[in-house]
Amino acid sequence: MRIGVVTFPGSLDDTDASRAVRIAGAEAVRLWHADKRLPMIDAVVLPGGFSYGDYLRCGAIARFAPIMDAVVDAARGGMPVLGICNGFQVLCEAHLLPGALTRNQHLRFRNHDQALRVENAAAWTNAYEPGQQVVIPVKHGEGCYVADERTLDELEATGRVAFRYLGGNPNGSRRDIAGITNEAGNVLGLMPHPEHAVEALTGPSTDGLGVFTSVLKHLAGAPS
Amino acid sequence: MARVVVDVMLKPEILDPQGQAVANALPRLGVTDVTSVRIGRRVEIEFAGEPDLDRAREIADKLLANPVIEDFEIHLESPEGSGEPVPAVNGAGEPS
């Protein structure tokens, strides 16, 4: 399996995301924001960081990067796409996911290990037990997820809340939402960083690995 | 050359923690009669030729504002401030 990892100007976690892909057992394919096409790959990761300096709004300019047309087309065609942190912001700006991520309500950057509950079993979450509790780092200043009540109700009713914050909401996100999927389940946006929790030496846990092994299971055709 | 000004504001129902922080600082200046502060963004656009409000509106809708959380208004600003008034174009409440 080949999983692409996009580097935008200002991406920070592309190297860690590539490493997580390799630890999960896949080949990481580095992609450049100015590329117009995707090579032969099975899934795409939009990593964390500060693409284009977070100018205007987080993710607003990255959304118009040349590679994003190809990513949006691939996502609509069913290719698994994961947006982590800034990548989640890019997915919302690109309208692949509903809602938006705004400034943390307390205005402070949050950087700590965070307990989460896995709440669905889609392309990027099927390797977890339903309701499994995991610990994965958060590190963001603009992670407060907002959407109108109707959208939030729909996300809940259709099982599209993928991860929820436990033991304290780090940013004021509506309904403690940490990650959501699109209607088809192939696109996941996630504020915490699973790529920073893939081995004991550098992470608080190896709980993040399940995101990457999930997509391999999904691509191998296992029921998700 | 006339420029197009786009004012972007968070929608009323979206919490503005920056504005709240500023409001909370005002009593330190001795100001106690301000009940709300909200912070937005002003963007000035200059076209190579005549200013084009329709294209400015498209730019605002696609890039300058995020319609999920923000509203925008567009108006022309003449060079000397000698205001030929142009009706503001409001981005609020439009389907997108």
If I model a spin label as a point 7 Å beyond the Cα along the Cα-Cβ vector, how far apart are those points for B:Val31 and A:Met40 in nm?
6.3
Using the number of other C-beta atoms within 10 angstrom as an exposure proxy, rank A:Met79, A:Met191, A:Met1 with the fewest first.
A:Met1, A:Met79, A:Met191
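I'd like the antiparallel share, as a percent to the nearest 5, of DSSP beta bridges with both residues in the stretch A:2-219. Could you put the intermediate results ahead of the total?
Values: 21 of 37 bridges.
Of the beta bridges lying entirely in the stretch A:2-219, close to 55 percent run antiparallel.
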Those chymotrypsin sites (Phe, Trp or Tyr not before Pro) in the stretch A:41-93 that DSSP places in a loop and that have at most 14 other beta carbons within 10 Å:
A:Tyr55
To the nearest 20 debye, what charge dipole does the protein assembly as shown have about its Cα centre, counting +1 at the Cβ of each Lys and Arg and -1 at the Cβ of each Asp and Glu?
980
Relative contact order of chain A (C-alpha contacts under 8 Å, at least 6 apart) in percent is 21
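D for the stretch A:2-219, whole µm²/s, Stokes-Einstein with Kirkwood Rh over alpha-carbon pairs at 4 °C and 1.567 mPa s: what number? Show your work: numbers first, answer last.
Numbers: Rh = 16.6 Å.
Estimated via Stokes-Einstein, D reaches 78 µm²/s.
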Taking only DSSP H segments of four or more residues, each worth -39500 (n - 2.57), what value at 222 nm results for chain A once the sum is divided by all its residues, to the nearest 500 deg cm²/dmol?
-6500 deg cm²/dmol
Extending each Cα 7 Å along its Cβ direction at B:Lys62 and A:Glu154, get the distance between those two points in nm, one decimal.
2.4
Distance in nm between label sites at B:Ala21 and A:Tyr55, each 7 Å beyond Cα in the beta-carbon direction?
2.2
Candidates per trypsin sites (Lys or Arg not before Pro) in the stretch A:64-163, loop by DSSP, up to 16 other Cβ within 10 Å
A:Arg108
Between the stretch B:50-72 and the stretch A:53-109, the Cα center-to-center distance that results, in Å
19
Sequence of A:Val72, A:Val211, A:Val90 once ranked by neighbouring C-beta atoms within 10 Å, starting from the fewest
A:Val72, A:Val90, A:Val211
Under the Kirkwood approximation for Rh and a Cα-based Rg, what ratio Rg/Rh is obtained for the stretch B:3-90?
1.08
So how do A:Asp73, A:Asp13, B:Asp7 line up by other beta-carbon neighbours within 10 Å, fewest first?
A:Asp73, B:Asp7, A:Asp13
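A short reminder: the numbers here are calculations on the coordinates, not readings from a lab. Quick caveat, the model's predicted, so the values are computed rather than measured. Cβ: placed from backbone, ideal geometry, glycine included. Neighbour counts: every protein chain shown.
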